[in-house]
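Let me begin by presenting the structure, written as structure tokens, before commenting on it.
The values are calculated or read from the model by the stated rules, or taken from the named source; none is laboratory data. Since this is a predicted model, take the numbers as computed values, not measurements. Cβ coordinates were reconstructed from backbone atoms using ideal geometry, including for glycine residues, and neighbour counts include every protein chain displayed. Just the protein is used for accessible areas: all its heavy atoms, side chains included, with ligands, DNA and RNA removed. Shrake-Rupley method; radii C 1.70, N 1.55, O 1.52, S 1.80 Å.
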Amino acid sequence: MTTRASAISVAAISPLGEGALALPSPVPGEPARVAIRRDPELERLGFARPFAARAPAEIFEGPAAHTDRAQVLLLRSLHALLDDLAGWARGGERVGFVLGTSSGGMCSAERLFEARVRGEALAPAQIEAATYFAPFAEAERQLRARGHDVAASLQLVTACAASTWALGVGLRWLRRGRADLVIAGGYDALGPFVASGFECLRATSASLPAPFRVGRDGMALGEGSGLVALVREGDERGRNTRFFVSGFGASTDAVHITAPDRSGGGLSRAGQAALLDASIDAASCTLVSAHATATPFNDAMESKALVSLFGAAAPIVHPFKAQIGHTLGAAGVLETLALGSAIEAQVAPAAAGAGELDPDAPARLLERSETTSVVAGLKLSAAFGGANAALVVERSGSAPARHKRALR
């Protein structure tokens, strides 16, 4: 029998808000809410394509204004999650802590480089804060300070698929008995250095992203954090299960440093591995949370992967990045949480973006959210360097028909 990971608590920050506002359940008949805007800071810095989505400004006020932006996002979500778990934890649980990120402490590094240019003396704490792993290290320190026994910890750097991988690693740790509770997720903040890199790659949009549509020209960056508390199914101790993670698959295609495998083969293999791991058929997954960067190559590749996975039985596709921007290391977990929320509400989400659907990159998109019956969904992520990841997410209280064997 497949061992599933039960999500008993979640915490999130996205450009739509914090907590329940970060990932609002889709409402039947309503279009997708979009948080992407012209960004004043990027405009001030002279960006040609200054569209982005910021987390709520009040999060960074007061003492947080002098702290690394990514660390603020991560720690707020961590403390919200731990506060919610306070009544569940008995003490002595072996905790696994696994996060994904794409840029880590880069915002602090930017300030350090500026200080060096000005010839300022650099304090040791300033240098330490500017390291790639600084936000993760501080989060782990605070996790231990609250009395949790961290038996395993890992920060993954598989770019834009990192937090999808993190949830998959969490599932593996629970199955192998390495931890009793896993806190998994990801984080990233929006800063000029990373934003300039994506603009130089011509990956950003001149307007609002339009995934899978004719004329799409790229993404808009976002920022946020998302964490999920996972336990083995049956270890919920009276807590309600938000959703189950039942399958994880990953692959690498190594075609190009930034461009995807245009055949969709790498992403398809990750999806197939996740379905096999969950011991279910693709037909059981009627909703897909797509990577959907709205770049010409990615969406065309992903459409081919969907055809390879589902054949003619096209599932409804949710391109969440068109609403909150590409949150990089937080993208996989925030999109998984949105998928779980849709499955819990039994509502298929509307897709943001305007324009005619691209016949060369077909996807089944909804103009407005619709009531539906969803037992399971598939989350797909594709990253620079050919890193692909996929998760099977299932509805609490039900399970699809399973094969006899599952990967472990």
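Rounded, prolate or oblate: which one fits segment 1-116, using the alpha carbon gyration tensor with axes a ≥ b ≥ c (rounded when a/c is under 1.5, else prolate when a/b beats b/c, else oblate)?
Since a/c reaches 1.5 but b/c is at least a/b, the shape of segment 1-116 is classed as oblate.
Search the structure for amide H atoms under 5 Å from the amide H of Arg262, placed 1.01 Å from N in the peptide plane, and list their residues when 5 or more places away or on another chain.
none
How large is the accessible surface of Glu30 in square angstrom, using a 1.4 angstrom probe and rounding to the nearest 10?
The value for Glu30 is about 90 Å².
Rounded, prolate or oblate, given the Cα gyration tensor of segment 79-204, with a/c below 1.5 counting as rounded? Write down the numbers at each step before the final one.
On the way: a/c = 2.93, a/b = 1.64, b/c = 1.79.
Judged from the Cα gyration tensor, segment 79-204 comes out oblate (a/c at least 1.5, b/c at or above a/b).
Where the only charges are on Cβ atoms (+1 Lys, Arg; -1 Asp, Glu), what is the dipole of the chain about its Cα centre, to the nearest 20 debye? Mind showing how you got there, number by number?
Details: 40 positive and 40 negative charges, 200 e Å.
In debye, rounded to 20, the chain gives about 960.
Express as a percent, rounded to the nearest 5, the fraction of DSSP beta bridges in the chain (both residues included) that run antiparallel.
65 percent
If I ignore ligands, DNA and RNA and count only protein heavy atoms, how much of Arg37 is accessible to a 1.4 Å probe, in Å² to the nearest 10?
Accessible area of Arg37: about 140 Å².
If you roll a 1.4 angstrom probe over the protein chains with everything in place, what fraction of the accessible area of segment 143-249 belongs to carbon and sulfur, to the nearest %?
Reported share for carbon and sulfur atoms: 51 percent.
Considering only the other residues whose Cβ falls under 10 Å of the Cβ of Ser225, what net charge follows from Lys and Arg at +1 and Asp and Glu at -1?
-2
What figure in square angstrom, to the nearest 10, would you give for the accessible area of His79 with a 1.4 Å probe?
Its accessible surface works out to 60 Å², give or take rounding.
Let me know the charge dipole size of segment 1-158 about its Cα centre in debye, to the nearest 20, where only the beta-carbon of Lys, Arg (+1) and Asp, Glu (-1) is charged.
In debye, rounded to 20, segment 1-158 gives about 240.
Among Val374, His326, Ala338, which residue has its Cα furthest toward the positive end of the charge dipole of segment 300-408, with +1 on Lys/Arg Cβ and -1 on Asp/Glu Cβ?
Val374
Just to confirm a number: summing +1 for Lys and Arg and -1 for Asp and Glu over residues other than Ala53 whose beta-carbon lies under 9 angstrom from that of Ala53, what do you get?
0
Just how large is the dipole of segment 77-176 about the Cα centre, in debye to the nearest 20, putting +1 at every Lys and Arg Cβ and -1 at every Asp and Glu Cβ?
380 debye
Accessible area per residue of the chain at 1.4 Å probe, in Å²?
Each residue of the chain exposes 39 Å² on average to a 1.4 Å probe.
Keeping every protein chain in place, order Val182, Val194 by accessible area at 1.4 Å, biggest value first, i.e. largest first.
Descending accessible area places them as Val194, Val182.
Work out from phi, with θ = phi - 60° and the Karplus expression 6.51 cos²θ - 1.76 cosθ + 1.60, the ³J(HN,Hα) of each residue of segment 226-238, listed in order in whole Hz, and give x for Gly and Pro.
x, 9, 10, 8, 10, 9, 5, 3, x, 9, 6, 6, x
Can you pull the percent of segment 285-327's accessible area that's carbon plus sulfur, 1.4 Å probe, other chains left in place?
In segment 285-327, the share of accessible area belonging to carbon and sulfur is 71 percent.
Asp217's amide H: which non-local residues (gap 5+, or another chain) put their own amide H closer than 5 Å, with H modeled 1.01 Å from N in plane and none for Pro or chain starts?
Those lying under 5 Å, H to H, from Asp217 are Ala210.
Where the centre of each part is set by its Cα atoms, how far does segment 339-408 sit from segment 100-175, in angstrom?
One Cα centre to the other: 29 Å.
What 222 nm value per residue comes from the helices of the chain, counting each DSSP H run with n ≥ 4 as -39,500 (n - 2.57) and dividing by all residues, nearest 500 deg cm²/dmol?
The per-residue figure over the chain is -9000 deg cm²/dmol.
How large is the convex hull of the C-alpha atoms of the chain per residue, in Å³?
Hull volume over Cα atoms, normalised by residue count, gives 130 Å³.
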